[in-house]
Amino acid sequence: MANSMTGNIFEIQKMSTEDGPGLRTTVFFKKCNLRCAWCHNPESFYPEPSIQWFSVRCIGCGTCLKVCPDHAIQMKNDGIHIDRQLCSQCGICVENCPGTALRKLGEEISLDDLYKIVEKDAAYYLNSKNGGITVSGGEAALQPEFTAKFLQKCKENGFHTALDTCGFVSKKNLEKIIPFVDLILYDLKEMDPTKHKEFTSQSNEIILENAIWILNKIKGTKKKMWVRTPLIPEFTATKENIQEIGKFIVEKLENKIDRWDILAFNNLAKDKYHRMDLPYPCESLELFTSEEMDKFLQIAKETGVKNVRWTGLTQK
Amino acid sequence: MVTTEKKDSLSEQQKYKIAEPHDLSPRSKWLRDCYFLGVKREWNNEYMPFTTGLLEDRQFAESDYYIVPEIYFYLGIKSRGIFSSSLSLMAEEVELPKDFWSKSLPERRIIFFEKVMLDKIPQEIIGPELLAGGRFNTQLSKCLNEKEQKLFDKLNLKARNSVFKYHNHGFGNAGATSGHIIPDYEYIIKNGFKSVYNEALERYNKFSQKEKNGPLGDELRAIIQASEIPRKLAKKYAEECKRLANDSNDETRKQELEQMAKNLEIVPWEPAQTFWQAVQSLWLIHMLVIAEESYPGPGLSFGRTDQHLWDLYKKDVIDEKNINKDFAKEILGSFWFHCNTAYDAQMRVGNNGITAGFGQLMTLSGCGPNGEDLSNDLTYTILEVIDEWSPILEPKPNVRLHRNSPDKLLDIIVDMITKSQGAPFLLNFDERSIAGMIREGIPKEDAWDYACVGCLENTMQGNDRSGTVNCNPNLAKSVLLTLNNGKSANQNQNVIMLHPKEKKPIQMGLKTGIAEEFKTWEEFWDAWVKQVKFQIKYTIETYNISEEFRANWMPTPYLSAMVKGCISQGIDVRNGGPEIRFITIEGVGYATLVDSLLAIKKFVYDEKKFTIAELKEAMENDFKGKQEWVVMQSLLKNRAPKYGNDNDKADILAQQVMEIWSQECFNYKTPTNFQFRPGMLSWNYWAGEDAGFTPATPDGRIGGQFLSNAISPTNGADIQGPTAVTNSVGTVLGGKDEDGGYVNYLPNGASHTLTFNPSLLRNPELKEKFKAYLRGYIENGGTSLQINILDASMLKDAQINPEGYQNLLVRVTGYNAYFVSIGKELQDEIIAREMHNM
């Protein structure tokens, strides 16, 4: 039966290899209640579509200036500037930009349309071990009805399903989605509540509570949980933090999670912040070396958690 | 002999280490190093021209090279070009028997061939090798008398003029070239050449006297004589082995040489009794094909060698343990060495596109009649040899994958891909390929046993000559003809200088109407359909001239002895003898064409953003000079749907285009009774002269820029990742039918290239995921995939510091080439190619 329910998403990444087992398609949802300083998807912050200008694609034709009904676009020596106060995100400039230098990130997509897109790669999911669909963001659990229905449809067709969540959502929302996921990718970023609030704008009590709640919920089922910890220099990448998270996993999560990934900081989001005229709090941070990541991994392993791995971008 | 100097430390500027050979036995290392000494070697296998001594005698068969536009200049304009003249000047005279000139042409050619191979070319054993068969790069006289030679020259000029005209007007190229076949090697290894000899004799004796006196008799007598040449040559090599054995003080080597002599007294005449004999037999009968065609091996392929040699490998290595696996690998190592010496042909010319990709292809693994996997221990041993010898160009391996391919094979393949910059093999996909073979009429119960020639061209083994690279039309031309009501300008700037009169467009295509007056997309589409069909017809007319010319004047009875159908019919392999006969039309610039049509449909007809007249004006100016043209180009490039993104809007039209042009090929036959069939290989034409001759196209491409490569999308147009482009490739080949059965419009196969960043394969977990991608490709993709694992910064470094990257292999349209040996433009293109960075 056709389903015209819509979800607010900003990207679909095919042949995704980093968001769960096997080959996957990751769907990135708009909106998030956290504001992590290192967030590499700042386009997910707000529910409205975000218009970005990609300088390398711009031919400087000035079409956008002419078509903008809000007179929000200016061309200066260093390129296109969008007055975010004036811009109503109508997208007319995007539709008319010949070089696709202006792009609107964020669209309402119907469940059927989204499913049609992800279904095209069924052969790759089904030929890999537990390949399938990951919903990520932003925070997919902030659009619980759509996410649940979408994942249900994926599951019915034999695809493995994963929810990538920051955990800062209501149990009511999670309750709707969990029946249709095989795997929960759960972020534990910082154990110190004060620091957590400082780094992400929210304290971590709800997140920790939800982690325990989810674990108890999936106990005895085939569903699995992976914890993921982004290691950000000057933020979360401290020995104490890793040890505390490890302790939490061993004690409060009864060491029953399937895997713990520690993720090396990457600076790939730098351009995104610039394009959105947002300050990038990690502007001056450098990538870790693989030796440093190996050391963090060792610390994590020493906490007693089983199956810890590190992944991500490092210096050569 | 000196060995190559091994560089232990990288030069300071060079940042990356490239794959190196490893674990070679001293013998294999010696042979590999010896090969790479190149011009510094004492021994070599350069072209050796031979003449009958007649004044106008010629050796060089220029029609072999009509598909290599880069060298047209050397073929000559009105008379003999420099290649032909210089070979004639250098040619050594062969003493001919008294009755030579009274014999038929096929017989003369075989008599001449035999004289050269037995009496003129020395039989030498090189270093510690285990297989005899040294020099084979000949340039043989065409064996024509003065009167015949005059007529030959006249017809040759006619063929040349027709293909030059076709080429210079941007249609592509076409010509009857040699190689590109899998002779029935398996039969001869297992039954001996004596079986062929007996069969030919029996056939001949059944002829009526009238038939014996006619062309059937001429051909059969030539085949009978040809069938004895391998035995006579093997005997001479056996004598040389014995001589060396006598002289040798090394007891081990003495025994080896004695065994080599014994082998050569048995094969290729008798069936091979050991693995060693089988490989010896295979090499000798193979090199003689190269010698007879005077064509250094491009596309002359071995077929499913891991199947053909399996029984004897199993007997000697596994069951009876007569030799160990390491020794078997040394035998194969000698084979690898010889295959590469084909390149000595033009060794002084240097490494260029012509000498970098011959493609003596070896097909490995693949399915059996019931879809079961046929990989065996020999498959894995050969893969080990490839891995240890890499980087090396020949023989080019092609690994067949299918739904039941074992994990063990995929693990090895993915590991080998990880280690090398360009995968040291092509992957061929059985289900899609077999669907294509069935589409061209091969019975289902035979089609599973197909194999590949040249790069990735699918044919049957031992009975099929499918002329797999003979016609290479530039499909993008059809949209230009449509826009210009069939008029075509001479697009070769050099020729314009020579013939200024031709600068004005002339009517070469059909008059399909003035495009500016078309009211609807349907009108434009109908006109395009007529033009593309015309283009196929014109390609075939051009091609047929050289096809008929070659069939009449350059028979190859030795090769005919090894292709089923020729003896029973009494007809040469070049004249319609094989059981399975095709000539392949390899469409070039497919995505450029598709994207051009998609852009016209969207902007001119659907959205009416601009008119045909405005588009043409902008194209004529290469989209330069006016702001509106720059904007238009940007729209065409960026805002039209593009093939290669698994986008239905684009791919449905792309599939229609594919079906129309490919089906049209089946409507034609050659005068020699070969059926035309479609494929997509596009060798280097997309980056070479065809691209240079093609003015701006409606997809926003400027004049002279690369066309799209084979079945791959336009460079940079595929932005949805590897799975999306894979799905698109499968879709345009026909996808699957209602019952889930594979459809393949291109029986020859289609070359698909993907470049991945090394980070995709950085750990075992990701390697598992890459295996899943390959299994997904089996379901959704095309027939043939070549994988480059390249880091753009590494290639840029290789451009600046070429000396450090001499062995860096990259894949360019189905053939391996050394990166530093290809032109700057192609290098830039590879660097610019979208990196699928995970």
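Residues with beta-carbon under 15 Å from that of A:C166, excluding A:C166: net charge, scoring Lys, Arg +1 and Asp, Glu -1?
Numbers: positive: A:K30, A:K31, A:R35, A:K171, A:K189, A:K197, A:R228; negative: A:D19, A:E139, A:D164, A:D187, A:E190, A:E205, A:E209, A:D261.
Local net charge: -1.
How much net charge surrounds B:L312 when only the other residues with a Cβ under 13 Å from the Cβ of B:L312 are counted, with Lys and Arg +1 and Asp and Glu -1?
Working: positive: B:K190, B:K314, B:K315; negative: B:E186, B:D306, B:D311, B:D316, B:D319, B:E320, B:D377.
Residues close to B:L312 contribute a combined charge of -4.
How many Cβ atoms of partner chains, on average, are near each residue of B:769-779 if near means within 10 Å of its Cβ? Display every interim value, and only then the final one.
Values: counts 12, 3, 4, 12, 8, 2, 6, 11, 3, 2, 5.
The shielding value for this peptide is 6.
Measure out, as a whole number of angstrom, how far apart the alpha-carbon centroids of region B:532-599 and region A:140-217 sit.
So the two Cα centres are separated by 62 Å.
For B:G172, which sequence-distant residues (separation of 5 or more, or a different chain) have an amide H within less than 5 Å of its own amide H, given hydrogens modelled in the peptide plane?
Result for B:G172 returns B:N474.
Lys and Arg at +1, Asp and Glu at -1: add these up for the other residues within a Cβ distance under 14 Å of B:C566 and post the number. Provide the component values of the computation, followed by the final result.
On the way: positive: B:R203, B:R221, B:R465, B:K564, B:R574, B:R581; negative: B:D184, B:E199, B:D218, B:E219, B:E292, B:D464, B:D572, B:E579.
Summing Lys/Arg as +1 and Asp/Glu as -1 gives -2.
Along Cα→Cβ, 7 Å out, is where each label goes; now give me the distance between the ones at B:Q209 and A:M5 in nm to one decimal.
Simple spin-label model gives 9.3 nm for this pair.
Using alpha carbons only, how many angstrom separate the centre of region B:244-287 from the centre of region A:253-297?
Computed from Cα coordinates, the inter-centre distance equals 63 Å.
Can you tell which of B:G704, B:P747, B:T731 lies farthest toward the positive end of the dipole of chain B, using +1 and -1 charges on the Cβ of basic and acidic side chains (Lys, Arg; Asp, Glu)?
Toward the positive end, the furthest listed residue is B:G704.
With everything on Cα atoms, drop me the angle between helix B:105-115 and the longest principal axis of chain B, reported from 0 to 90° to the nearest 10.
Compared with the principal axis, the helix lies near 60 degrees.
Which FRET efficiency, nearest 0.05, do B:F36 and B:I77 yield, Cβ-Cβ r, R0 30 Å?
Values: r = 38 Å, r/R0 = 1.25.
Efficiency, from the Cβ-Cβ distance: 0.20.
Summarise the partner chain shielding of B:369-382 as one whole number: the mean count of Cβ atoms from other chains within 10 Å of each residue's Cβ. Present the calculation step by step, with values, prior to reporting the outcome.
Working: counts 0, 0, 0, 0, 0, 0, 0, 0, 0, 0, 0, 0, 0, 0.
Mean partner shielding for this stretch: 0.
Using a 10 Å cut-off on Cβ to Cβ distances, tally the other chain neighbours for every residue of B:722-729 and report the average as a whole number. Don't jump to the answer; show the numbers that get you there.
Values: counts 4, 10, 5, 1, 4, 5, 1, 0.
Mean number of neighbouring Cβ atoms from other chains: 4.
Rounded to the nearest Å, what's the spacing between the alpha carbon centres of region B:719-747 and region B:120-166? Just the number, please.
First find each Cα centre; the distance between them is then 42 Å.
Angle check, please: helix B:325-340 long axis (alpha carbons) against the longest principal axis of chain B (alpha carbons), in degrees 0 to 90, nearest 10.
That helix lies at roughly 60 degrees to the long axis.
For the protein assembly as shown, what is the mean residue ellipticity at 222 nm derived from helices alone (per DSSP H run of n ≥ 4: -39500 (n - 2.57); sum divided by total residues; nearest 500 deg cm²/dmol)?
Working: 43 runs with 468 residues, N = 1154.
After summing the helix terms and dividing by the residues of the protein assembly as shown, the value is -12000 deg cm²/dmol.
For the residue pair B:K444 and B:D99, what label-to-label distance in nm results when each label sits 7 Å from Cα along the Cα-to-beta-carbon direction?
Roughly 5.4 nm, to one decimal.
Taking 51 Å as R0, compute the FRET efficiency from the Cβ-Cβ separation of B:K147 and B:N198 and round it to 0.05. Walk me through the numbers before you get to the answer.
Numbers: r = 37 Å, r/R0 = 0.72.
It comes to 0.90.
Taking 7 Å along the Cα-to-C-beta vector as the label spot, tell me the B:N322-A:D258 distance in nanometres, rounded to one decimal.
Calculated label separation equals 5.4 nm.
Out of region A:277-316, which GluC sites (Glu not before Pro) are coil in DSSP terms and have no more than 11 other C-beta atoms within 10 Å? Don't jump to the answer; show the numbers that get you there.
On the way: sites: A:E283, A:E286, A:E291, A:E292, A:E302; in loops: A:E283, A:E286.
Passing both the DSSP loop test and the Cβ count: A:E283, A:E286.
What are the ³J(HN,Hα) couplings of region B:19-36, residue after residue, when phi is run through the Karplus curve with 6.51, -1.76, 1.60 and θ = phi - 60°? Round to Hz, x for glycine and proline.
Rounded to whole hertz, the list is 4, 10, x, 8, 6, 6, 5, x, 5, 5, 4, 4, 5, 5, 4, 4, 4, 6.
Taking R0 as 60 Å, what's the FRET efficiency between B:E617 and A:V250 from their Cβ-Cβ distance, rounded to 0.05? Display every interim value, and only then the final one.
Numbers: r = 73 Å, r/R0 = 1.21.
Computed FRET efficiency for B:E617 and A:V250: 0.25.
Starting from region A:179-280, pick out the trypsin sites (Lys or Arg not before Pro) whose DSSP state is loop and whose Cβ has at most 14 other Cβ atoms within 10 Å. All intermediate terms of the calculation are to be shown ahead of the outcome.
Details: sites: A:K189, A:K195, A:K197, A:K217, A:K219, A:K222, A:K223, A:K224, A:R228, A:K239, A:K247, A:K252, A:K256, A:R259, A:K270, A:K272, A:R275; in loops: A:K189, A:K219, A:K222, A:K223, A:K252, A:K256.
Hits after loop and neighbour filter: A:K219, A:K222, A:K252, A:K256.
Readers should treat all values here as calculations from the given coordinates under stated rules, not as data from a laboratory. Predicted, not measured: the structure shown is a model, and the values here were computed from it. Using ideal geometry, Cβ is built from the backbone for each residue, glycine included, and neighbour counts are taken over all protein chains shown.
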